[in-house]
Each structure stands twice: as C-alpha cells, then as structure tokens.
1. Length gain on complete extension for the stretch ASP167 to THR184, per 0.36 nm per residue less the alpha carbon to alpha carbon distance?
2. Return one whole number: the accessible area per residue of the chain in Å², for a 1.4 Å probe.
3. With the full set of protein chains in place, find how many percent of the accessible area of the chain is carbon and sulfur; take the probe as 1.4 Å.
4. If you average the sequence gap of Cα pairs under 8 Å that are 6 or more apart and divide by the length of the chain, what percent do you get for the contact order?
5. In degrees from 0 to 90, rounded to the nearest 10, what is the angle of the helix 111-122 Cα long axis to the longest principal axis of the chain?
6. Taking a ≥ b ≥ c as the square roots of the eigenvalues of the Cα gyration tensor of the stretch 13-60, is the shape rounded (a/c under 1.5), prolate (a/b larger than b/c) or oblate?
7. Using only helices, what value at 222 nm comes out for the chain when you add -39,500 (n - 2.57) per DSSP H run of length 4 or more and divide by the total residues, to the nearest 500 deg cm²/dmol?
8. What's the extension gain from LEU14 to ASN110 if we count 0.36 nm per residue and subtract their Cα-Cα distance?
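The values are calculated or read from the model by the stated rules, or taken from the named source; none is laboratory data. In this text the structure is predicted, and so the values were computed from the model without any measurement. Neighbour counts run over all protein chains shown; Cβ positions are idealised from the backbone, glycine included. Heads up: the accessible areas ignore ligands, DNA and RNA and are worked out on the full protein's heavy atoms, side chains in. Shrake-Rupley method; radii C 1.70, N 1.55, O 1.52, S 1.80 Å.
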Amino acid sequence: MSQAKVAIADDHPLFRAALKQAVVASFDKTDILEAENFQDLLTLVEQTPTLEIVFLDLHMPGNDGFTGLTLLQNHFPDLVVIMVSSDDQPEIMRKAVDFGASAFIPKSANLTVIGEAINEVLDGEIWLPEHSNINNDQEAAAEHQRLAAQLAQLTPQQYTVLARIADGQLNKQIAYDLDIKETTVKKHVSAILLKLEVYNRTQAGLVYQQLMITSPENDVVVA
C-alpha cells in the first residue's frame with residue numbers, strides 16, 4: 001500500500017510523534033490524524049469514512065482495555081486496528097490479537113521495529129513482538145475469539161446498550177440517554193442476551209467486563 005489515511009490515538013505526544021515517523025516511512029503518501037482520547041477518535045472515525053488504519057492506545061482516556069477495540073470493530077468493521085501500549089504482558093498481547101487487533105506494538109519498540117510491524121500488517125499478517133513468549137493456550141484463545149464473534153453480531157445500537165448495561169444502567173436510564181423508547185431498549189436487551197447466549201442482564205454485563213483490564217500506572221512512554 002503506497003498511501004493511506006491513518007489515525008493515531010494516544011494521549012502521549014512523544015509516542016504519537018514516534019508513531020508518525022514510522023508511519024511516514026512506511027508509505028509513499030499518508031494523511032495522519034491524531035486523537036488524545038477515545039471520544040475524539042470516534043469523532044475522527046465518524047467524520048473520516050476513508051480512514052483505513054487506527055493505532056489505539058490500550059489505556060488512553062475513554063478506552064477501558066479492549067472495549068475500544070471491539071467497539072471499533074463493531075461500528076467500523078473495515079478498519080484495521082493496531083494496539084499500542086507499555087502494558088506488554090504476554091496475556092495482554094494474546095488477548096489483543098484474539099479480540100481482533102492486527103498487531104500489538106509495545107511502546108518500548110524502536111522506529112525500526114514499529115516499521116516492521118506496520119509492513120507486516122500491510123501484507124495482511126498478524127504481528128507480535130519477537131520472543132514475546134505468547135502462551136499458546138488454544139482453549140483461552142478460542143474463548144476470546146468466540147466472544148469477539150458474538151460481539152460482532154451486535155448492531156452498533158445493541159453494542160452501546162450492552163456497554164451501558166455493564167455500567168449498571170437501568171433500561172429507563174439507557175432509554176433517556178440514547179433518546180429512544182424503553183420498549184426499544186427491552187428489545188435490544190432481548191437480542192443481546194440471545195446473541196451472547198446468556199440468560200439475564202447481569203450475565204451480559206459480566207461478558208462485556210471480560211474486555212476490561214486494570215490499567216497500570218498510566219502507561220508511561222519508554223524513551
């Protein structure tokens with residue numbers, strides 16, 4: 001791919017600058033957009049239908065673990081999402097790929113490694129750091145992939161309702177916030193339970209919470 005439109009979503013300016021260098025070196029021509037929080041990223045994506053690749057910080061403001069990744073895949077399935085973080089534990093990287101990320105780039109990676117990751121993704125491959133000691137737990141991987149497939153079945157509105165259920169909101173609150181009828185929310189909830197193969201709202205909320213992880217001290221950029 002000689003040209004592309006790319007979004008870099010990270011709240012650390014220094015790492016955004018490093019990513020920009022690597023992206024520019026990987027394309028003949030590129031248009032790079034930037035976002036400091038997840039809500040700003042959503043606005044960019046909605047306003048830029050030609051966007052192709054998103055670099056998403058695992059712990060940026062507004063993104064709780066893999067909720068941002070799965071939301072982007074649900075709402076904008078054609079986007080290629082590359083996760084970035086200093087939280088590069090093997091199980092975190094494994095989950096990122098299982099939930100649909102095309103790569104996981106540690107913030108400790110140098111420009112050469114970042115460029116290699118981008119080129120692998122452009123070739124249609126999944127990229128993870130060498131010697132990352134990813135535990136090849138097929139059972140866990142299958143479960144993560146099953147959850148990702150279930151979430152992909154939800155409509156964007158159903159995904160939004162699910163996130164609010166996980167946040168503890170009642171149907172009446174959800175209806176008010178989304179400006180829809182409470183009966184519409186109930187229909188969404190019924191569809192969500194069916195697609196997630198669970199029996200009640202509590203179980204649905206617990207399914208969604210599997211996407212969340214505890215943030216380490218705020219993702220420090222490694223020089």
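1. Length gained between ASP167 and THR184: 4.3 nm.
2. Working: 11280 Å² over 223 residues.
Ligands and nucleic acids excluded, the result is 51 Å² per residue.
3. On the way: 5610 of 11280 Å².
Within the chain, the accessible surface is 50 percent carbon and sulfur.
4. Values: 343 pairs, mean separation 43.2, N = 223.
Computed over the chain, the figure is 19 percent.
5. Here the helix axis deviates by roughly 60 degrees.
6. Working: a/c = 2.39, a/b = 1.18, b/c = 2.02.
Oblate, since a/c reaches 1.5 and b/c is not below a/b.
7. On the way: 10 runs with 113 residues, N = 223.
Result for the chain: -15500 deg cm²/dmol, rounded to the nearest 500.
8. Details: separation 96, 0.36 × 96 = 34.56 nm, distance 1.27 nm.
Contour length minus Cα-Cα distance gives 33.3 nm.
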